[in-house]
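In what follows, a structure is listed as structure tokens, so that the remarks can point back to it.
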Amino acid sequence: MYSIGDAVMHPSEGVCTVADIRSMQFSGSLKRDYYVLIPSTEKSSSTVYLPVERGNSILRRLLSRADILSLIRESTLIDFDWITDSKQRKDAFYRLIHSGDIARVIRMICEIYAHNAQRIAEGKKPCASDESILAEAQRLVHQEFSYVLRLSAEDTVTFIQSELNK
């Protein structure tokens, strides 16, 4: 169970703060305890109400700096087979993003960058579905890393790149 003030990672909202835990009743359902989550992004003005029992299974504590460094290093050791069929690749990449396997997501981001560079060198545009997957993956990874490392989005990208090149 999380406590008020904890920073947590929500699978779709990203980094959130547990603002409150309160007993509530919505739309004729039974009264139950909810986490009241405030997303950390400046662009979001939403509040997320998540039942505690569900929240305990989908939320996770934020990574530590040591965890982040370890995951970046681990990502360089992962074999990654590019899926040539764009529909199959899109489905597989979305499953990967939602799997919570951050090292593999980092590897996927690197592979999409490499594939896009190759397409551009061939005079082609990057695949639109790859671009949307890349944006979603980067949003989740960079948001958490920026929050934990206390870096701007740009500095987080530079940090990851420098760690990957070690």
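Readers should treat all values here as calculations from the given coordinates under stated rules, not as data from a laboratory. Quick caveat, the model's predicted, so the values are computed rather than measured. Neighbour counts are summed over all protein chains in view; Cβ atoms, including those assigned to glycine, are modelled from backbone coordinates with ideal geometry.
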In this structure, the FRET efficiency calculated for GLU122 and ILE78 from their beta-carbon separation, with R0 = 35 Å, to the nearest 0.05, is 0.85
Kirkwood hydrodynamic radius (C-alpha pairs) into Stokes-Einstein, the stretch 16-113, 25 °C and 0.890 mPa s, D in µm²/s: 150 µm²/s
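How much of the pair distance distribution for the stretch 7-61 lies past 14 Å, counting alpha-carbon pairs only, in percent? Can you show the working numbers first?
Details: 751 of 1485 pairs.
More than 14 Å apart: 51 percent of the Cα pairs in the stretch 7-61.
Identify the GluC sites (Glu not before Pro) of the stretch 75-163 meeting these criteria: DSSP loop state and at most 14 other C-beta atoms within 10 Å of the C-beta. Provide the component values of the computation, followed by the final result.
Values: sites: GLU111, GLU122, GLU131, GLU136, GLU144, GLU154, GLU163; in loops: GLU122.
Qualifying residues, ordered by number: GLU122.
Taking Cα pairs under 8 Å and at least six residues apart, what relative contact order does the chain come out at, in percent? Could the numbers behind the result be given before it?
Values: 191 pairs, mean separation 30.5, N = 166.
After rounding, I find 18 percent.
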Kindly list the residues of the stretch 74-93 that lie in the label zone of GLU136, defined by a backbone N under 20 Å from the point 7 Å along the Cα-to-C-beta vector. 81-93
For LEU62, residues with placed amide H under 5 Å, excluding near neighbours: MET9
Per q in 0.14, 0.17, 0.26, 0.29 Å⁻¹, report the Debye log10 I(q)/I(0) for the stretch 97-153, using one uniform scatterer on each alpha carbon and no solvent. -0.43, -0.60, -1.03, -1.13
Under 27 Å from LYS31, Cα to Cα: lysines that are on another chain or at least 8 residues apart: none
Which cross-chain or sequence-distant (5 or more) residues have an amide H under 5 Å from the amide H of TYR34, H modelled 1.01 Å from N in plane? ARG22, SER23, MET24, VAL52
Give the residue list of GluC sites (Glu not before Pro) in the stretch 29-98 that are DSSP loop and have at most 14 other beta-carbon atoms within 10 angstrom. GLU42
Among SER12, SER27, SER132, residue whose mean-square fluctuation peaks in a GNM of the chain (springs only between Cα atoms under 10 Å): SER27
Treating only the Cβ atoms of Lys and Arg (+1) and Asp and Glu (-1) as charged, compute the dipole magnitude of the stretch 127-166 about its Cα centre; round to the nearest 20 debye. 160 debye
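So which chymotrypsin sites (Phe, Trp or Tyr not before Pro) in the stretch 66-166 are both in a DSSP loop and have at most 15 other Cβ atoms within 10 Å of their Cβ? It would help to have the intermediate numbers written out before the result.
Numbers: sites: PHE80, TRP82, PHE93, TYR94, TYR113, PHE145, TYR147, PHE159; in loops: PHE80, TRP82.
Those that pass, being in a loop and sparsely packed, are PHE80, TRP82.
Taking the square root of 5 times each eigenvalue of the Cα gyration tensor, what semi-axes in Å does the equivalent ellipsoid of the chain have, largest first?
Numbers: eigenvalues 216, 70, 38 Å².
Ellipsoid half-lengths, sorted descending, are 33, 19, 14 Å.
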